Structures are given as structure tokens and as C-alpha cells.
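Read the structure below first, then the notes.
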Amino acid sequence: MSAPLSQDEAFARIRLLRSPNIGPVSYAQLLARFGSAAEALEALPELGKKGGRQYRAAPVDKIEREVDGVRKAGARYLFHDQPDYPALLAQIDGAPPILTWRGDITLAGKPCVAMVGARNASAAAVKLAREFAQGLAEAGFTVVSGLARGIDGAAHEGAFPRTIGVIASGIDIAYPPQHAELQERIASEALLIAEQPPGTEPRGSHFPSRNRIIAGLAGGTLVVEAAVKSGSLITARLAGEAGREVMAIPGSPLEARSHGCNHLIREGAVLVQSPEDVVELLSTFDGNPRSTFREPVEQFDFEPSELAEAEPADIASLLTTAPIAIDELIRQSGTSAAAVQLALLELEIAGRLERHAAGRVSLA
């Protein structure tokens with residue numbers, strides 16, 4: 001159990017995460033190095049200077065407006081080290097340090113299964129998604145989805161009220177507009193989660209971030225119907241990389257909207273044909289997925305607490321605009337993981353580094 005979070009430290013954490021060039025990874029590393037968000041904020045200008053740029057943290061008045069917006073929306077903050085933070089979500093690489101939520105947060109602590117699929121889904125797939133979600137909810141699972149049209153909406157409706165909606169906008173923004181009523185029902189009687197600050201309209205870059213939360217909350221992700229180039233397959237890939245089950249319902253090879261599911265199965269996802277198949281798979285899940293779709297990404301050996309004593313490595317010359325794995329940088333630099341991470345942190349704060357999936361980085 002962590003110590004209760006003071007209001008001043010909570011405010012500092014929000015300000016830290018909203019500051020330029022600070023993402024989930026750099027946020028966690030700053031807390032590990034300096035012990036508190038307040039201390040990290042004081043250190044940011046010097047870290048930015050070491051990285052080669054002047055730096056200013058997010059303005060206090062901007063954070064005050066955000067906190068007021070969360071309050072007016074009837075929402076609350078959830079920080080990464082609070083007891084109600086979902087344990088499975090905390091395990092993924094780059095887990096969101098701060099979420100906002102409305103509804104029943106205990107739903108996120110129950111066994112969860114993610115259901116995703118096509119927005120322009122066929123009528124048969126929508127009916128199937130609703131029936132699967134209902135069966136899974138009756139079996140004791142919380143169904144997680146993204147409140148999109150098509151499969152997502154059907155999954156929420158079938159599982160209601162045992163469902164979690166994860167949105168790519170602020171907690172006070174309904175998207176898509178035709179799901180405004182459903183989103184409000186979920187916020188009032190189930191659970192609605194957002195990573196973006198209130199007032200934020202959804203942008204393209206927000207949806208992959210939302211998808212990682214959907215995959216991270218659940219022991220497994222089920223794709224009901226999806227084309228080969230689909231956001232649903234991004235969610236499935238993220239689930240696979242996190243070491244979770246990836247499942248798919250097969251479809252006709254004559255139907256383009258089934259090609260994504262058939263592709264997943266060919267690549268190692270588990271074929272399921274009934275809610276009972278999903279229940280059997282996830283009820284016995286022990287952290288070793290039966291699916292072989294996208295093996296979990298190996299993480300380099302690194303303890304964030306080591307940052308407190310580390311001196312940054314000189315690795316700028318090893319970086320280009322082409323992404324490279326951090327463990328490769330550690331090998332080539334001949335220094336410790338903590339030293340490399342600290343150097344990357346300084347470059348990121350200065351706006352000179354970009355982080356990519358699977359533990360890779362490049363010059364911005």
C-alpha cells in the first residue's frame with residue numbers, strides 16, 4: 001500500500017504529466033529519480049538544458065482549469081499507485097500514470113475481457129457481438145471496449161452494466177456523437193475511463209493510446225469482425241505484446257470484413273466460436289497465453305530506482321531518426337541500463353527523442 005497522496009503532490013503529478021515532452025515512460029522515470037512530482041518539476045529546466053534545450057513545465061493555471069473541468073464533469077482522478085488502479089493495466093509497458101473516470105471503478109478490478117471489431121460491422125456480427133458480450137457478463141466478466149460504432153457499441157449494450165468504456169477524448173466529450181446517450185449510461189451505471197484531459201477532442205494519435213488501455217485492462221482481447229487494416233488489429237497486437245490472450249471469431253473468406261480475424265487466427269490467435277470458448281480460455285489463464293500471435297516483447301533488465309544514482313551515458317551519437325531498441329543501445333554503449341535511460345530521458349525532455357512501440361527510440 002502506498003502512502004495517501006497529498007493534494008499538492010497530486011496537483012504536481014498532473015502538472016508533470018501535462019508538461020511538454022513528458023510521456024508515461026519519462027513520467028515514471030522522473031518519479032523514480034526524484035521521489036516526487038514536485039521535486040521532478042523543479043529539476044526539469046536543468047534536465048532540458050542538459051538535453052540541449054530550454055524547458056518550461058505546464059503553467060499552473062492550465063492545470064487548475066483541468067482540475068476544475070474534471071470536477072465539473074463529475075469525474076475523479078486515478079493515479080498509478082493508488083489501490084483502485086487496475087493491476088493488469090499497471091503491468092503493460094507505458095501504462096497511463098493518470099486516468100480520469102466516472103462510474104463504478106471496482107469493475108476494472110474484476111476479470112476483464114476486451115471486445116473490439118469493425119465500425120461498419122455486418123448485422124450478423126453486431127448480433128454476435130451482443131450475444132457474446134451478454135454471455136461473458138453472465139459468466140462474471142467485465143467487457144471492455146472503446147465506444148465506437150459497430151462491434152464496440154454492441155459489446156457494451158450486450159454486457160451492460162458489466163462493461164467499461166475507454167474513450168480517446170476527454171471524460172466530458174462524447175464521441176462518436178451518436179453514442180452520447182450510451183456513453184452517459186456507461187458513466188452513470190458502469191465505468192467510463194479517459195486518459196486525455198477534459199475538453200480534449202479525439203485525434204488520430206489518441207486512438208492507439210486508447211487501444212493500449214483496452215488491451216491492458218483485460219486478460220484477453222477478442223476480435224469479432226475486422227478488416228486486415230483495422231484499429232482492432234492494433235489492439236490485438238498490443239494484447240499479444242503484453243502477454244495476454246488474443247482471440248478471434250472466424251468468418252467467410254468471401255467477406256472482406258472477416259479477413260482481419262482470419263489473418264489473426266493464421267498468425268496464432270485462438271479461434272473461438274462461443275462465449276464458453278472465451279470463458280474456458282480466460283478462466284484458466286495463468287499469464288502464459290495459449291495464443292502465439294505476437295510474442296511478448298522482451299524488456300531489458302532495468303530497475304527505475306537505479307536512476308537515482310546514475311550518471312547519463314553519452315549515447316546521442318548512436319541515435320538516428322531510425323528507431324532502435326533500447327537494449328541495443330545498452331549493448332553498444334557498454335554502459336548500464338540506468339545510464340542509458342537517464343540520457344534518453346534528458347533528450348526526451350529537450351524534445352529531441354521520440355519513443356516507439358516495443359521499447360524502441362529515435363531522434364525526433
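The values are calculated or read from the model by the stated rules, or taken from the named source; none is laboratory data. No experiment lies behind these values; they were computed from the predicted model shown. Every residue, glycine as well, gets a Cβ built from its backbone with ideal geometry; the counts of neighbours run over all protein chains shown. Ligands, DNA and RNA are stripped out before the accessible areas are found, and what is left, the full protein with its side chains, is counted by its heavy atoms. Shrake-Rupley method; radii C 1.70, N 1.55, O 1.52, S 1.80 Å.
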Selection count where residues are assigned to a helix (DSSP H, G or I) and open to solvent by less than 10 Å² (accessible area, probe 1.4 Å), scope region 187-210: 1
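Quick grid of which residues meet (1) under 15 Å from residue 220 (Cβ atoms); (2) not in a helix (DSSP H, G or I):
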position: 132; (1), (2): yes, no
position: 149; (1), (2): no, yes
position: 154; (1), (2): no, no
position: 167; (1), (2): no, yes
position: 174; (1), (2): no, yes
Of residues in region 119-134 being more than 26 Å from residue 85 (Cα to Cα) and in contact with a strand residue (DSSP E or B) (Cβ under 9 Å, 6 or more places away or on another chain), the one surrounded by the fewest Cβ atoms within 10 Å (Cβ to Cβ): 132
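When you look at residue 320, is it at pLDDT 90 or above and loosely packed, with under 12 Cβ neighbours inside 10 Å, yes or no?
Criteria met by residue 320.
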Considering residues of region 269-291 that are assigned to a loop (DSSP other than H, G, I, E, B) and buried (at least 20 other Cβ atoms within 10 Å of the Cβ) only, the residue farthest from the chain's Cα centre (by Cα): 272
Those residues of region 14-36 which are open to solvent by less than 20 Å² (accessible area, probe 1.4 Å), of a type outside the set (Phe, Trp, Tyr) and not in a loop (DSSP other than H, G, I, E, B), in sequence order: 14, 16, 26, 29, 30
Hey, residue 110 more than 22 Å from the chain's Cα centre (by Cα), among the charged types (D, E, K, R) and modelled with pLDDT of 95 or more or not: no
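Answer yes or no as to whether residue 102 is open to solvent by 20 Å² or more (accessible area, probe 1.4 Å), at pLDDT 95 or above and either in a strand (DSSP E or B) or at positive phi (or both).
Numbers: open to solvent by 20 Å² or more (accessible area, probe 1.4 Å): yes; at pLDDT 95 or above: yes; either in a strand (DSSP E or B) or at positive phi (or both): yes.
In short, yes.
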Only one of 111, 83 that is closer than 30 Å to residue 149 by Cα and open to solvent by 20 Å² or more (accessible area, probe 1.4 Å): 111
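Taking region 211-241 only, how many residues are closer than 21 Å to residue 98 by Cβ, aliphatic (A, V, I, L, M) and either out of contact with any strand residue (DSSP E or B) (no Cβ under 9 Å at 6 or more places or on another chain) or part of a helix (DSSP H, G or I) (or both)? Write out each step before concluding.
Kept after step one, since they are closer than 21 Å to residue 98 by Cβ, are these residues of region 211-241: 211-218, 238.
Narrowing the set further to residues that are aliphatic (A, V, I, L, M) leaves 213-215, 217-218, 238.
Those still in the list that are either out of contact with any strand residue (DSSP E or B) (no Cβ under 9 Å at 6 or more places or on another chain) or part of a helix (DSSP H, G or I) (or both) too: 213-215, 217, 238.
Residues in region 211-241 being closer than 21 Å to residue 98 by Cβ, aliphatic (A, V, I, L, M) and either out of contact with any strand residue (DSSP E or B) (no Cβ under 9 Å at 6 or more places or on another chain) or part of a helix (DSSP H, G or I) (or both): 5 in total.
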